[in-house]
Number of protein chains: 2
Amino acid sequence: MIKYPNGLTYNSKEKKNKKSNIEISFSSANRGMNLEEDINFSNEYYKEKDICVITKRPTPINIVKVDYSKGAKIIDAYFEKQSTTDYNGVYKGKYIDFEAKNTKNKTSFPLSNITKHQIEHLKLVNKHGGISFFIIQFESLDKIFLLDSKFVIEQYEHGERKSIPLDTFFKFGFEIKRGFNPRLYYIDAIDEAYFEQ
Amino acid sequence: MIKYPNGLTYNSKEKKNKKSNIEISFSSANRGMNLEEDINFSNEYYKEKDICVITKRPTPINIVKVDYSKGAKIIDAYFEKQSTTDYNGVYKGKYIDFEAKNTKNKTSFPLSNITKHQIEHLKLVNKHGGISFFIIQFESLDKIFLLDSKFVIEQYEHGERKSIPLDTFFKFGFEIKRGFNPRLYYIDAIDEAYFEQ
């Protein structure tokens with residue numbers, strides 16, 4: 001599976017694919033495996049159905065050089081790490097903030113690609129009354145979970161191992177079902193986790 | 001005053017300025033006039049003081065070409081219009097969403113650089129229980145106001161003129177005071193507008 005940096009638009013992906021590897025990106029093996037795309041399409045559905053407004057923050061880009069002779073064409077720039085999370089918005093009057101990650105690991109979710117900045121951000125979100133969580137896809141198991149950020153923060157800061165065992169997801173997480181539209185019923189998981197108590 | 005597209009990092013600005021026009025960007029004439037920078041610094045202050053978590057969405061960029069031979073260097077890309085607003089976050093448990101605009105106009109705020117997408121976004125935010133507004137800087141008058149989005153939405157959709165008279169800001173807006181740190185006391189204006197009723 002080709003790894004694109006976050007936030008490439010669907011358009012630019014398409015352009016890329018047209019040239020060389022369209023069969024890879026749209027093969028059935030790959031179907032449903034692009035978590036970010038699944039969330040983005042689900043967000044569109046939820047917005048249209050008037051359920052919530054949750055959007056992806058664009059990938060921050062450090063711009064080095066812009067050519068203004070050609071209508072502000074960026075000619076030298078680099079992807080930057082998101083210092084917050086990828087998604088936020090509002091649902092039932094509450095502030096929602098989450099990060100989505102895919103893992104090929106079958107037994108645990110490694111915390112190695114979560115930054116300290118993101119953990120700090122999530123702690124503040126919780127402190128100020130927001131709802132924050134992770135959407136973790138275990139690709140090899142074809143399972144997706146919502147897990148409240150407090151489990152990730154706790155493990156990140158005080159855990160002996162830098163990963164969260166699958167067991168934790170089954171015990172404390174909420175499974176997210178796949179569908180056609182929305183591709184991910186993640187609002188159902190939010191309801192279960194935060195609104196049906 | 002040089003107009004940079006939104007979201008250039010402070011770093012890249014500095015690099016640019018070092019070469020040619022440092023005296024323009026840091027001149028006293030320009031001081032306090034960069035609304036976006038003032039808000040970003042204020043957000044840092046509010047975050048550190050544990051008052052709220054409000055962040056700027058990075059400028060969306062449409063990437064055409066990336067050179068992976070040099071560690072993912074973007075060599076062809078263009079700025080895109082934000083389809084949402086520039087800022088969002090959480091304060092006192094509420095979802096906050098706003099757009100900031102500067103105008104040189106002395107008598108009204110022209111709606112020409114607000115997009116239909118942004119208006120749609122703000123309507124949905126309101127519908128789902130978020131707080132949404134505009135921060136408008138009247139540069140020539142050295143005045144900054146918070147104005148609830150409903151006034152802008154109303155004028156955008158049903159107004160005869162495509163601008164909001166200054167008078168509306170004095171009547172229905174909340175003035176935002178300048179300071180050293182935070183540069184803009186905009187949380188005070190939020191309190192006045194939404195929490196002291």
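No value in this document is a laboratory result; all are computed from the given coordinates. As the structure is a prediction and not an experimental result, all values here were calculated from the model. All Cβ positions, glycine included, derive from the backbone under ideal geometry; neighbour counts span all protein chains shown.
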*For segment B:154-189, state which GluC sites (Glu not before Pro) are in a DSSP loop and have at most 12 other beta carbons lying within 10 Å of their beta carbon.*
B:Glu160
*How about segment B:50-149: which trypsin sites (Lys or Arg not before Pro) there lie in a loop by DSSP and see at most 14 other Cβ atoms within 10 Å?*
B:Lys81, B:Lys104, B:Lys106
*Please give, to one decimal in nm, the separation of the simple spin-label points placed at A:Glu160 and A:Lys104, each 7 Å out from Cα toward the Cβ.*
2.9
*Going by how many other Cβ atoms sit within 10 Å of their own, how do A:Arg57, B:Arg178 line up, fewest first?*
B:Arg178, A:Arg57
*Please go through the residue pairs A:Lys101/B:Lys56; B:Lys106/B:Lys127; A:Lys171/B:Lys94; A:Lys127/B:Lys171; A:Lys65/B:Lys123; A:Lys104/A:Lys162 and name each one whose alpha carbons sit more than 25 Å apart in this structure.*
B:Lys106/B:Lys127; A:Lys171/B:Lys94; A:Lys127/B:Lys171; A:Lys65/B:Lys123
*asked:* Counting other beta carbons within 10 Å of each residue's own, what order do A:Glu48, A:Glu196, B:Glu192, B:Glu36 fall into, fewest first?
replied: A:Glu196, A:Glu48, B:Glu192, B:Glu36
*So for segment A:35-195: antiparallel DSSP bridges make up what percent, rounded to the nearest 5?*
75
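Could you give the length gained by full extension between A:Lys70 and A:Phe195, i.e. 0.36 nm per residue of separation minus their alpha carbon distance, to one decimal place?
Details: separation 125, 0.36 × 125 = 45.00 nm, distance 5.10 nm.
Taking A:Lys70 through A:Phe195 to full extension adds about 39.9 nm, to one decimal.
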*How far apart, in nm, are the 7 Å Cα→Cβ label points at B:Asp142 and A:Asp188?*
5.9
*Total formal charge among the other residues, if their Cβ is under 10 angstrom from that of B:Ile75, Lys/Arg +1 and Asp/Glu -1*: +2
*Once the piece of chain linking A:Asp50 and A:Tyr78 is laid out straight, how much longer is it, given 0.36 nm per residue of separation minus the C-alpha distance between them?*
6.5 nm
*Using unit Cβ charges (K, R positive; D, E negative) and no other charged atoms, how large, in debye to the nearest 20, is the dipole of segment A:53-107 about its Cα centre?*
260
*For segment B:35-195, what is one quarter of the convex hull surface built on the Cα atoms, given in nm²?*
11.4
*Cα centroids of segment B:82-105 and segment A:138-183: how far apart, whole angstrom?*
31
*Long-range amide H contacts for B:Leu184: which residues qualify at under 5 Å (H placed 1.01 Å from N, peptide plane, sequence gap of 5 or more or a different chain)?*
B:Ser42, B:Gly179
*Could you name the aspartates and glutamates whose alpha carbon sits less than 16 Å from that of B:Lys70, not counting residues in the same chain fewer than 8 places away?*
A:Asp76, A:Glu80
*In whole Hz, what ³J(HN,Hα) sequence does segment A:89-94 give by Karplus (6.51, -1.76, 1.60; θ = phi - 60°), x for Gly and Pro?*
x, 10, 9, 6, x, 9
